[in-house]
């Protein structure tokens, strides 16, 4: 079984449309390596690597009601896999993960009686899968074996501690945020929303530090209790007004696993994290 999820929230179960998944093959990650050379040196200098898009090949069998209806099913297949915009693919073996894709190549659906086997080659645009649920889904409802948002192999099944993503924290206290994925999260590349509110006792600044990654986000002025500061990817707002110029123009990143945070410049504050997990 394969499910399509569109950006507008529409869900299409391909089994219900008469399209059975025969196999769902995901290629290994493609790494793009950056190297440099030092004049007179030996070998090359490793400047790091990035992950390129992934090939995803899915093999289907379409089954129509009768021979005459097969052409109608074929046209429905063309409509379902239309390519004007990207969409998500979810396979039943990993129900908590989804892949952002587009159809990569032209394909056809040959008919044999009421059946037709066909293959579609997709391109996984991000190069990684992402969880369907986000951390605020965990905060609100926890993780249930009956939930369709989570599954085995997502890095959360062996965690003994409670996963908390809304923290009421006082100065001098450390708090932890768990990234269950195996991919670091950068706000310019992945979805990461951090909300700072209910700040008490702010003097001339407010600072949030991730001690694990050594990132520091600093507001260069006092923050009032009524302010709601939102870091939504690269966008920073205060009560829905652009606020980047009042900060140190730095951003919070998350490493895989536990990330340890603290605040300074205020007596206490409420910090909320909302992000999906990403998987190579």
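Readers should treat all values here as calculations from the given coordinates under stated rules, not as data from a laboratory. Everything quoted here is computed from the prediction, not taken from an experiment. Glycine gets a Cβ as well: all are built from the backbone with ideal geometry, and neighbour counts include every protein chain shown.
A few remarks follow.
- C-alpha long axis of helix 70-80 to longest principal axis of the chain, angle in °: 10
- Among 25, 164, 123, 196, sorting on how many other beta-carbon atoms sit within 10 Å of each Cβ, with the fewest leading, yields 25, 164, 123, 196.
- Contact order normalised by residue count of the chain, Cα under 8 Å, 6+ apart, percent: 18
- Ordering of 87-94, 66-73, 198-205 by burial proxy (mean other Cβ atoms within 10 Å per residue, highest first): 87-94, 198-205, 66-73
- Among 189, 76, 84: highest mean-square fluctuation, GNM of the chain, C-alpha pairs under 10 Å: 84
- Rg/Rg_globular for region 131-214, with Rg_globular taken as 2.2 N^0.38 Å and Rg from C-alpha atoms: 1.26
- Between the labelled values (i) 1.24; (ii) 0.98; (iii) 1.05, the entry that holds Cα Rg over 2.2 N^0.38 Å as derived from this structure is (i).
- Descending Cα extents along the principal axes, region 74-222, whole Å: 75, 34, 24
- Note on the chain: with a GNM built from Cα contacts shorter than 10 Å, the maximum mean-square fluctuation among 265, 41, 142 falls on 41.
- For region 207-280 and region 1-66, distance of Cα centres in Å: 31
- Extension reserve of the residue 171-residue 111 stretch, reckoned as 0.36 nm per residue once the Cα distance is removed: 14.8 nm
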